[in-house]
1. So, counting K/R as plus one and D/E as minus one, what does the shell of residues with Cβ under 14 Å around Leu196 add up to?
2. Got a number for the accessible area of Leu351? Probe 1.4 Å, square angstrom, nearest 10.
3. Residues of the stretch 373-476: accessible area per residue at 1.4 Å, in Å²?
4. Could you give the distance between the Cα centres of the stretch 341-393 and the stretch 447-476, to the whole Å?
5. From the C-alpha gyration tensor of the chain, pull out the three semi-axes of the equivalent ellipsoid (sqrt of 5λ each), sorted largest to smallest, in whole Å.
6. What does the helix-only formula give at 222 nm for the chain: each DSSP H stretch with n ≥ 4 adding -39500 (n - 2.57), the total divided by the residues, and the result rounded to the nearest 500 deg cm²/dmol?
7. So how do 283-291, 120-128 stack up, highest first, on mean other-Cβ count within 10 Å?
8. Any idea what log10 I(q)/I(0) is at q = 0.18, 0.21 Å⁻¹ for the stretch 329-426, Debye with uniform C-alpha scatterers and no solvent?
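The values are calculated or read from the model by the stated rules, or taken from the named source; none is laboratory data. Just so it is clear, the structure is predicted and the values come from calculations on it, not from any experiment. Here the Cβ positions follow ideal geometry from the backbone for every residue, glycine too, while neighbour counts run over all protein chains shown. Heads up: the accessible areas ignore ligands, DNA and RNA and are worked out on the full protein's heavy atoms, side chains in. Shrake-Rupley method; radii C 1.70, N 1.55, O 1.52, S 1.80 Å.
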Amino acid sequence: MTSGSGRAPGTAAWELLLPAASAPARSRGRSLQSALRDAVRAGRLAPGTRLPSSRELAADLGVSRGLVTEAYEQLTAEGYLRSDRGAGTWVGGAARTAARGARDLAPRPVHARVDFIAGTPDLSLFPRAAWAAAHRGVLAELPHHALGYPDPRGLPRLRTALAELLVRRRGVVADPEGIVVCSGVAQATALVGFVLHARGVRTVGVEDPGSPQHGELFASADVGTVPVPLDDEGMVTGVLRERGLRAVLTTPAHQFPLGIGYSARRRTELLDWARSVDGLIIEDDYDGDFRYDRAPVGALQGLDPGHVAYTGSVSKSLAPGLRLGWLLVPESMTDEVVARKRMMDLGNPALDQALLARFVERGDYDRQLRRCQRAYRERRDTLVAALDEHLPGTEVTGIAAGLHVIARLPEHCGPQEDFLRRTAAAGVTVRPLSAYGSDDGSAVGSGVRLVLGYAHLTPARISEGVRLVAEAARSA
């Protein structure tokens, strides 16, 4: 091969294409085309390079001339090559070098001896055998037409199963016609944000401290957020009136990150505010099933389904990678939410929905919740005991629920920045309460305050991590 300037390229044509030429006869033509295409994309054959005649290249490779001619014609039609009558075949200038390989942008565990970052369940508890059995059952019974585009709200079978589950376990008011199956709480929140924006709402109140993700999700719908402080009973509702808000997102069953449960009085005040301004409360029930000292408190939505949009998912009970959740909105919003869901993705995968429906119907989901409940209660107890043993004087606040605790460490552990550097050096990853919003100490006192996630750690790892934290604290 020669370049447009008459100079031969660094590698002869047959060296680039020999592997394709030695492919099995049936696939040799496709292999030759693919090898030529890859060489142009990668820049090994530069734009303007003149290719050998089909006769010459066929002789070099030991293949038929027709095979080379067909490859030249195919890549010319695709734009990789150009051919001038009587002047030969040249590499075209349309192709650009493509990035090689695929990056994985999924969140990954930090490289630490012990990671106490909150929010991750124990993925080893995923019920693989029961899930596989449900998968086989669904494939055997699912009619062909069910694999078409689904109802954007979700399969009727799954919405019916979810309605029964949520009424029974969370005390919601749930009509299957009003449930929308979503790709987790994240999509549910964004859907509500888009509908609020279309209705002229430009700001939503969010808990402070709270999950940073909520603000990002509303921003994607061009809706701003206003931080609303909390006290030991829940969100301070007076601020909602002062700021003229008409929508707010809350985590009342187990506030994240403070770990408090909204008091009955505060829940009533919040509902009174919503009714007085015809507003909307968005209830994120992210871990409402996990309460260890008593039966879980029912969802806020059950008290006033006309002013509360309720959302949850299987991310904490099964696995976040399933991307399956649900949204119940007031009847007046349902059509708008469904229309937006249809535009977003035409509905969640039908097979996954049918699988979850069967899993719920057969009682497997309840069994999984009980299994997680036992494991996470044990791990919380282990964490509290380890803090008491290795860091006496630590105050654990919040209700006995969920997948994390707030720990206020003894004064000698501070100042906080120095403490965080020492724990990192010891190979332990922790996150302070201040990372989740304003941290003026009004709710949990002063000093070093940590949000400690434990669900993804074995009891042995929890004990080891607390011991390392204590050693780091003593090294000040």
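1. Once all neighbours under 14 Å are counted, the net charge is +1.
2. Probe radius 1.4 Å; accessible area of Leu351 about 50 Å².
3. Each residue of the stretch 373-476 exposes 41 Å² on average to a 1.4 Å probe.
4. 23
5. Semi-axes from the Cα gyration tensor: 54, 30, 23 Å.
6. Values: 15 runs with 198 residues, N = 476.
Value at 222 nm, helices only, nearest 500: -13000 deg cm²/dmol.
7. My ranking of the peptides, most packed first, is 283-291, 120-128.
8. These q points yield log10 I(q)/I(0) values of -0.93, -1.11.
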